[in-house]
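Structure, as structure tokens:
The values are calculated or read from the model by the stated rules, or taken from the named source; none is laboratory data. Owing to the predicted nature of the structure, the values given are computational and were not obtained by experimental measurement. All Cβ positions, even for glycine, are placed from backbone atoms using ideal geometry, and neighbour counts span all protein chains on display.
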Amino acid sequence: MALPVIFRPEALDDLAAAYEWYEEKQPDLGHDFMAAVEDKLSHLSTNPKQYQQLRGAIRRAITLHFPYGIFFVESKERVTVIAVLHHARNPKHWRARAR
């Protein structure tokens, strides 16, 4: 059974910024990025435990073809995305949101 995926506002901001950056680089690349994120969200909503556990309950799913991690927490009712960050970003960004 697939769990609903909920985004924290900061994670939505991350997603929007990445989309805009890719669209500026090449038309429709932002669309491709979003498709990769949606594909990964579909997978993690059905089996969140298959993804790497980083710290405490925080897990990370890595998007295909784009260097981004989707950082999330699973509960019985839902998957909550706390960050969508480029691999080069400082890990302090998602760690601060985990508190």
Does at least one position in the range 13-28 carry a residue that is within 20 Å of residue 92 (Cβ to Cβ), of a type in the set (A, V, I, L, M, F, W, C) and under 10 Å from the mean Cα position of the chain (by Cα)?
yes
Criterion first (touching a Phe, Trp or Tyr at 6+ places or on another chain (Cβ under 9 Å), outside any helix (DSSP H, G or I) and of a type in the set (Gly, Ala, Ser)) does residue 69 satisfy it?
yes
Inspect all residues belonging to the range 24-39 and state whether any of them is more than 11 Å from residue 79 (Cα to Cα), assigned to a helix (DSSP H, G or I) and of a type in the set (S, T, N, Q).
no
Inside the range 1-13, the number of residues satisfying the requirement of being part of a loop (DSSP other than H, G, I, E, B) and without any contact (Cβ under 8 Å) to a residue 60 or more places away in the chain is 2
Restricted to the range 3-13 and to residues being out of contact with any Leu (no Cβ under 6 Å at 6 or more places or on another chain) and surrounded by 12 or more Cβ atoms within 10 Å (Cβ to Cβ), the residue farthest from residue 80 (Cα to Cα) is 13
Could you look through the range 29-42, keep only residues that are exposed (fewer than 13 other Cβ atoms within 10 Å of the Cβ) and of a type outside the set (D, E, K, R), and pick out the one that is nearest to residue 16 (Cα to Cα)?
31
Candidates 16, 96 - the one that is assigned to a helix (DSSP H, G or I), farther than 18 Å from residue 2 by Cα and at pLDDT below 95:
96
Report, by residue number, each residue of the range 43-70 that is within 11 Å of the chain's Cα centre (by Cα) and either surrounded by 15 or more Cβ atoms within 10 Å (Cβ to Cβ) or polar (S, T, N, Q) (or both).
44, 59, 60, 61, 63, 68, 69, 70
Within the range 57-93, can you find the residues that are modelled with pLDDT under 90 and either over 17 Å from residue 19 (Cα atoms) or touching a Cys at 6+ places or on another chain (Cβ under 6 Å) (or both)?
90, 91, 92, 93
